[in-house]
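Student: Got a structure for you, written out below as structure tokens; questions coming shortly.
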Amino acid sequence: MVYPTFILVLLLGLGGLALGLVEFKVWIEPQSPDTSSLPGIESSAAPDLEKVQQLSSALPKPSAELPSPTASPPKPLDPVALAAHQGTLRVSNFTQHPVRVALLARQQGSKSYGEPAHWDFAPMEGGSQGLILSLPQGNLTLEKGDIIVAFAQDGSRLYWGPYVVGETPSPMWNQKVGEWLLVLDSEEL
């Protein structure tokens, strides 16, 4: 009588132990956005590749293409030509690291620097178009002599810079749109 009960308890215990060792993973996929307002996409089904390509080809193209991370190094800078360039800053993080970009801007009409500012980027944030940076007080305008540095925030001890606007190859001046472009890439290190 005790023998079959002991075997039953032992089997139930081993079964519970086996279930405890099995890992269960649950993930929640984000809901697809409401596509009912987009032409050619039914809201009840996920869009197929052909429809997505048709819609993306209809979207306006960005006004300025960023160079690919493997682009050849830029031509030497002409300091006199760059001295007059003032514009916004566009940043792309092509790395697999969360990155902080810090700016030390020169005060106008002075050789001293103002309060530092910083922005945080997730891995691969900004993509091929980049993100234009701004300040809480309004638009950010870079001038010659401003200093930019970037560093990984994941403990990998990676950093980019320091870059001196108008004096180092990065950030690059984009004459077409009147903005500075900073591309962070792991291969650049």
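Derivation of every value follows stated rules applied to the coordinates shown; laboratory data play no part. Just so it is clear, the structure is predicted and the values come from calculations on it, not from any experiment. Cβ coordinates were reconstructed from backbone atoms using ideal geometry, including for glycine residues, and neighbour counts include every protein chain displayed.
Matching residues to (1) farther than 18 Å from ASN93 by Cα; (2) hydroxyl-bearing (Ser, Thr, Tyr); (3) touching a strand residue (DSSP E or B) at 6+ places or on another chain (Cβ under 7 Å):
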site	(1), (2), (3)
MET124	no, no, yes
TYR159	no, yes, yes
LYS176	yes, no, no
VAL183	no, no, yes
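Conditions tested, residue by residue: (1) out of contact with any Ser or Thr (no Cβ under 7 Å at 6 or more places or on another chain); (2) among the β-branched types (Val, Ile, Thr); (3) surrounded by 13 or more Cβ atoms within 10 Å (Cβ to Cβ).
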position	(1), (2), (3)
ARG100	yes, no, yes
ALA105	yes, no, yes
LYS111	yes, no, no
GLY114	yes, no, yes
MET124	yes, no, no
GLY130	no, no, yes
ASN139	no, no, no
GLU143	yes, no, yes
ILE148	yes, yes, yes
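Student: Continuing with this model, one more query. Across the stretch 135-171, what is the number of residues that are farther than 14 Å from LEU182 by Cβ and without any contact (Cβ under 8 Å) to a residue 12 or more places away in the chain?
Tutor: Of the residues in the stretch 135-171, 5 are farther than 14 Å from LEU182 by Cβ and without any contact (Cβ under 8 Å) to a residue 12 or more places away in the chain.
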